């Protein structure tokens with residue numbers, strides 16, 4: 001990519017990889033933990049990915065565990081239909097959460113549609129090599145741009161995990177190594193073995209924990225920060241009401257942010273910043289995305305969509321430039337937002 005628009009593309013740390021500032025997040029299109037896909041789900045998902053690429057958001061983030069391989073398969077089928085094909089996109093995927101093996105560290109159990117899966121964190125070298133081959137097959141590609149450890153596996157030394165990354169880089173199967181949900185200390189340990197291009201933590205207006213230590217560490221050591229859930233899983237769009245009823249299998253039903261009192265408080269906050277969105281002819285969701293990618297140290301934000309229309313709306317945030325005064329106004333309202341944590 002030459003002459004990149006820095007509002008729309010940024011370099012991943014010390015790597016030679018550039019990603020779009022808005023990255024298509026493919027968790028929901030796997031159906032897993034989002035209440036399924038629906039009758040036309042796969043067709044809509046492929047159209048959503050195509051709309052992202054057409055709109056300049058050429059980076060796509062997925063993971064092996066999303067839909068137990070289904071998200072990667074859909075991403076692979078979508079890319080195969082893109083004019084210009086594989087070279088036009090950057091594929092970001094993740095390893096380390098196994099539903100088909102009980103090795104490693106038990107993470108959680110998930111029951112959906114009457115079936116229970118036992119999810120284990122497994123970042124052992126043998127498992128990573130196998131997962132990479134499976135992801136390459138599902139994605140219909142011979143290399144992955146950014147391969148990320150989904151969660152730290154405390155039963156496996158990070159040195160073993162990073163040795164696998166070095167091997168995959170040397171073999172040309174991945175271009176760069178990343179991590180997700182890692183602490184600053186964990187990232188430092190990783191970098192003793194293998195260069196880390198990026199960390200992918202959760203971050204939003206109402207969840208800013210990484211500002212305490214992880215984000216400062218990454219900024220100091222030239223490690224990119226790709227954040228997920230910038231819209232707090234849709235809550236910051238203002239479309240949820242306190243009496244919202246979630247579909248079976250939707251993980252948001254049990255999250256504290258989605259409890260009725262917090263939905264009300266967040267909606268009140270959103271109404272306070274809505275005039276800024278209105279001034280730009282933007283939606284609340286677009287304003288929130290624009291605020292996120294303007295934060296110091298934030299390289300890019302993952303934003304999911306289930307259809308092309310949602311994608312096209314999200315991408316308008318790339319062109320929304322907030323003034324310092326507008327950012328300050330938003331931050332002042334955020335300081336007065338108090339959520340119930342119990």
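Per-residue answers, yes or no, for (1) surrounded by fewer than 22 Cβ atoms within 10 Å (Cβ to Cβ); (2) modelled with pLDDT of 95 or more; (3) in a loop (DSSP other than H, G, I, E, B); (4) within 18 Å of the chain's Cα centre (by Cα):
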residue: 147; (1), (2), (3), (4): no, yes, no, yes
residue: 153; (1), (2), (3), (4): no, yes, yes, no
residue: 161; (1), (2), (3), (4): no, yes, no, no
residue: 165; (1), (2), (3), (4): no, yes, no, no
residue: 182; (1), (2), (3), (4): no, yes, yes, yes
residue: 215; (1), (2), (3), (4): no, yes, no, yes
residue: 230; (1), (2), (3), (4): no, yes, yes, yes
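Which condition number does residue 110 fail, the rest of (1) closer than 29 Å to residue 183 by Cβ; (2) over 17 Å from the mean Cα position of the chain (by Cα); (3) assigned to a helix (DSSP H, G or I); (4) touching a residue at least 60 places away in the same chain (Cβ under 8 Å) being met?
With (1) closer than 29 Å to residue 183 by Cβ; (2) over 17 Å from the mean Cα position of the chain (by Cα); (3) assigned to a helix (DSSP H, G or I); (4) touching a residue at least 60 places away in the same chain (Cβ under 8 Å) applied to residue 110, the lone miss is (3).
Any idea which residue in region 113-133 is surrounded by the fewest Cβ atoms within 10 Å (Cβ to Cβ), counting only those that are in contact with a strand residue (DSSP E or B) (Cβ under 9 Å, 6 or more places away or on another chain) and over 17 Å from residue 177 (Cα atoms)?
Checked region 113-133; the qualifying residue surrounded by the fewest Cβ atoms within 10 Å (Cβ to Cβ) is 116.
May I ask you to list the residues in region 15-37 that are over 18 Å from residue 91 (Cβ atoms) and either at pLDDT 95 or above or assigned to a strand (DSSP E or B) (or both)?
Correct list: 34 only.
Answer with yes or no whether residue 240 is in a loop (DSSP other than H, G, I, E, B), touching a helix residue (DSSP H, G or I) at 6+ places or on another chain (Cβ under 8 Å) and buried (at least 19 other Cβ atoms within 10 Å of the Cβ). So that I can check it myself, show each step before the final result.
On the way: in a loop (DSSP other than H, G, I, E, B): yes; touching a helix residue (DSSP H, G or I) at 6+ places or on another chain (Cβ under 8 Å): yes; buried (at least 19 other Cβ atoms within 10 Å of the Cβ): yes.
In short, yes.
For region 168-181, give me the residue count where each residue is free of Cβ contacts under 8 Å to residues at least 40 places away in the same chain and more than 13 Å from residue 224 (Cβ to Cβ).
Of the residues in that region, 5 qualify.
For region 52-70: of the residues being touching a residue at least 40 places away in the same chain (Cβ under 8 Å), in contact with a strand residue (DSSP E or B) (Cβ under 9 Å, 6 or more places away or on another chain) and assigned to a helix (DSSP H, G or I), which is nearest to residue 300 (Cα to Cα)?
Only one residue tops the list, namely 52.
Suppose the filter is within 19 Å of the chain's Cα centre (by Cα) and at negative phi; does residue 88 pass it?
no
Just one of the numbered conditions (1) under 21 Å from residue 319 (Cα atoms); (2) crowded, with 18+ Cβ neighbours inside 10 Å; (3) over 20 Å from the mean Cα position of the chain (by Cα) is not true of residue 266; which one?
Tallying (1) under 21 Å from residue 319 (Cα atoms); (2) crowded, with 18+ Cβ neighbours inside 10 Å; (3) over 20 Å from the mean Cα position of the chain (by Cα), residue 266 fails exactly one: (1).
The values are calculated or read from the model by the stated rules, or taken from the named source; none is laboratory data. Keep in mind the model is a prediction, meaning the values are calculated, not measured. Cβ sites come from the backbone with ideal geometry, for glycine too, and all protein chains shown count toward neighbours.
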